[in-house]
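Peer 1: Input: one structure, supplied below.
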């Protein structure tokens, strides 16, 4: 699949697509640490964990989800940026393709702080023993550096740098500047956060992470000129440089400086391609009337990297219409409308594409549907590609937009586990089922499959426990028969016969229960 990108994007970018991982590759998701202390004075510590730990992991060569991308995932998935239940956190991890979750807590007593981290393996559903650190609060960064090293050692990606190098990166940033910056990361009013970031920069003018956050806040406030200027001050060699350049490209786009934005995103794509970078490069190129490569070619490459992403398909339809290819645009936009018939912008673009392709009758039918849903769209009957219908990506991480419920995700895992079990892979099935139980602990089917799996692995006592949990979730005569059979196999005859009798009472036609009772 990726080999075709050579024809579209040229050897330089295509080689990176073939060999290098895209930004935001699956790795570690760090949630804000939960406070075990009363009051709100030290809530910034939780934000410090969520911000510094992934930065340290990336520095060590361990893929991790940046804190600002985690916050954006909360928004896209419509999950409040507060302490969440474990099942919800697992759901977030799946949405951003994280392999491990860091669940942390802390306690502050006087001038000291104690931290405790646990690693949750998303695939296996297992939780590690705690990683602990404690000491003076002013040494929080050093403690987090040490914990990042421990997390790196506990995973599949060995550190690429020495432990001593971690502390050297922020040695010039005073503790007060770091604390003020972390206070600005807490959810709340943008005006308060903006003042805190500016205060942090007054204390440490070279604090690139604070400079990046300043640009992000100004971008959110639509102060595009100031945002572009602030983001441009992040040094090219800084670990924060890529995030700053990405956001600077968005600011330039919003300022109408499309050539500059296209060039900036193209540079990011050459360094390390991602679907979001390619999308923004293509949209800027389309607005700037650049044709080498064609925007639609770049967008097809983005769709190859993120198959099934509806926003990308929409932008590809828009770009094809900008290029005058109504037939191809209609092909992509029809799919969007089939998935969401209330996507009015997609229906308007589809109408324009159908008219461009010469399908007048279908275009008229589509336009009648638009008018039924939104009579106020009457002015859009005539094609006007100057309208800002395109969907710019505001971050490189692209969480699954069609988020499913925990129960649906659990059911999917259970189905996969059943296939593995039928194929003889009991350990693989166990990992899937542990994951499913975290998402939906009240699914009777999952517990029944866990019982089957534990029996295959020779753990009869665990199988009994899972069968009972299945029955707690939902009474089922067949499950009770399975429970009776396990008890009989263990020599617990009276208990087994009692369960078989109970199954027969609830289902008098159950032949399996009758056979167990009639057996000597």
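Peer 1: Over the chain, what relative contact order in percent results from Cα pairs under 8 Å that are six or more residues apart? Walk me through the intermediate numbers first.
Peer 2: Details: 816 pairs, mean separation 58.5, N = 520.
Reported as a whole number, the value is 11 percent.
Peer 1: Considering only DSSP beta bridges where both residues belong to the chain, give the percentage that are antiparallel (nearest 5). Don't skip to the answer; put the middle values down first.
Peer 2: On the way: 18 of 24 bridges.
That works out to approximately 75 percent antiparallel.
Peer 1: Can I ask one more? May I ask you to sort 224, 377, 181 by Cβ crowding, counting other Cβ atoms within 10 Å and putting the fewest first?
Peer 2: Numbers: 224 19, 377 16, 181 26.
With the sparsest Cβ surroundings first, the list reads 377, 224, 181.
Peer 1: Based on the Kirkwood radius over alpha-carbon pairs, what value in µm²/s does the Stokes-Einstein equation return for the translational diffusion coefficient of the stretch 406-518 at 10 °C and 1.306 mPa s?
Peer 2: Values: Rh = 14.2 Å.
Taking Rh from Cα pairs, D becomes 112 µm²/s.
Peer 1: Let me ask something additional. Modelling each spin label as a point 7 Å along the Cα-to-Cβ direction, I'd like the residue 132/residue 270 distance in nm, to one decimal.
Peer 2: 5.2
Peer 1: Follow-up. Highest mean first, what order results for 86-96, 315-325 on Cβ atoms within 10 Å? Mind dumping the intermediate values first?
Peer 2: Details: 86-96: 20.3, 315-325: 22.8.
The most tightly packed comes first, giving 315-325, 86-96.
Peer 1: On to the next question. In degrees between 0 and 90, to the nearest 10, how far off the longest principal axis of the chain does helix 326-339 point, with axes built from Cα atoms?
Peer 2: Once rounded, the angle reads 40 degrees.
Peer 1: A follow-up question, please. How large is the Kirkwood hydrodynamic radius of the stretch 47-109, in angstrom, based on all distinct alpha carbon pairs? Walk me through the numbers on the way to the answer.
Peer 2: On the way: mean 1/r = 0.0800 Å⁻¹.
About 12.5 Å, per the Kirkwood formula over Cα pairs.
Peer 1: Need one number: % antiparallel among DSSP beta bridges in the stretch 24-171, to the nearest 5.
Peer 2: Numbers: 18 of 24 bridges.
Just about 75 percent of them are antiparallel.
Peer 1: Can you give me the P(r) profile for the stretch 24-171? Cα pairs, bins 10 angstrom wide beginning at 0, each as a whole percent.
Peer 2: 12, 44, 36, 9
Peer 1: In the stretch 444-474, which residues have a backbone nitrogen under 19 Å from the label point lying 7 Å from residue 423's Cα in the Cα-to-Cβ direction?
Peer 2: 449-450, 452-454, 456-457
Peer 1: Please report the base-10 log of the normalised intensity I(q)/I(0) for the stretch 265-362, using a Debye sum with one equal scatterer per alpha carbon and no solvent, at each q in 0.14 (1/Å).
Peer 2: Each listed q maps to, in turn, -0.49.
Peer 1: Continuing with the same structure: When a/c is below 1.5 the answer is rounded, else prolate if a/b is larger than b/c, else oblate, so apply that to the chain with a ≥ b ≥ c taken from the square roots of the Cα gyration tensor eigenvalues.
Peer 2: On the way: a/c = 2.29, a/b = 1.28, b/c = 1.78.
Oblate shape, in that a/c is at least 1.5 and b/c is the bigger or equal ratio.
Peer 1: In Å, the Kirkwood hydrodynamic radius of the stretch 311-463 over pairs of distinct alpha carbons? Write out the running numbers ahead of the final one.
Peer 2: On the way: mean 1/r = 0.0531 Å⁻¹.
Averaging 1/r across every pair of different Cα atoms and inverting gives 18.8 Å.
Peer 1: Starting from the Cα coordinates of the stretch 166-230, work out the convex hull volume and express it per residue in Å³.
Peer 2: Details: hull volume 5.2 nm³, N = 65.
Convex hull of Cα atoms, per residue: 80 Å³.
Peer 1: Once the piece of chain linking residue 377 and residue 40 is laid out straight, how much longer is it, given 0.36 nm per residue of separation minus the C-alpha distance between them? Please report the intermediate quantities before stating the final value.
Peer 2: Working: separation 337, 0.36 × 337 = 121.32 nm, distance 4.80 nm.
Result for the pair: 116.5 nm of gain on full extension.
Peer 1: Continuing with this model, one more query. Given the DSSP H assignment, sum -39500 (n - 2.57) over each helix run of at least 4 residues in the chain and divide by its residue total; what's the result at 222 nm in deg cm²/dmol, nearest 500? Please report the intermediate quantities before stating the final value.
Peer 2: Values: 26 runs with 316 residues, N = 520.
Calculated mean residue ellipticity at 222 nm is -19000 deg cm²/dmol.
Peer 1: Answer rounded, prolate or oblate for the stretch 210-346, using the Cα gyration tensor with square roots of eigenvalues a ≥ b ≥ c: rounded when a/c is under 1.5, else prolate when a/b is larger than b/c, else oblate.
Peer 2: Prolate is the answer for the stretch 210-346, as a/c is 1.5 or above and a/b outweighs b/c.
Peer 1: Could you compute the FRET efficiency for residue 165 and residue 235, with r as their C-beta to C-beta distance and R0 at 22 Å, rounded to 0.05?
Peer 2: On the way: r = 18 Å, r/R0 = 0.80.
The computed FRET efficiency comes out at 0.80.
Peer 1: Still on this structure: Using only Cα atoms, locate the centre of the stretch 442-501 and the centre of the stretch 133-174, then give the distance between them in Å, rounded to an integer.
Peer 2: 47
Peer 1: Here is a follow-up. I want to check the label-to-label distance for residue 327 and residue 494. Put each point 7 Å from Cα in the C-beta direction and report it in nm to one decimal.
Peer 2: Reported label-point gap for residue 327 and residue 494 is 8.1 nm.
No value in this document is a laboratory result; all are computed from the given coordinates. Since we're looking at a predicted model, the values are computed, not measured. When we count neighbours, we look across all protein chains shown, and the Cβ atoms used for this are built from the backbone with ideal geometry, even at glycine.
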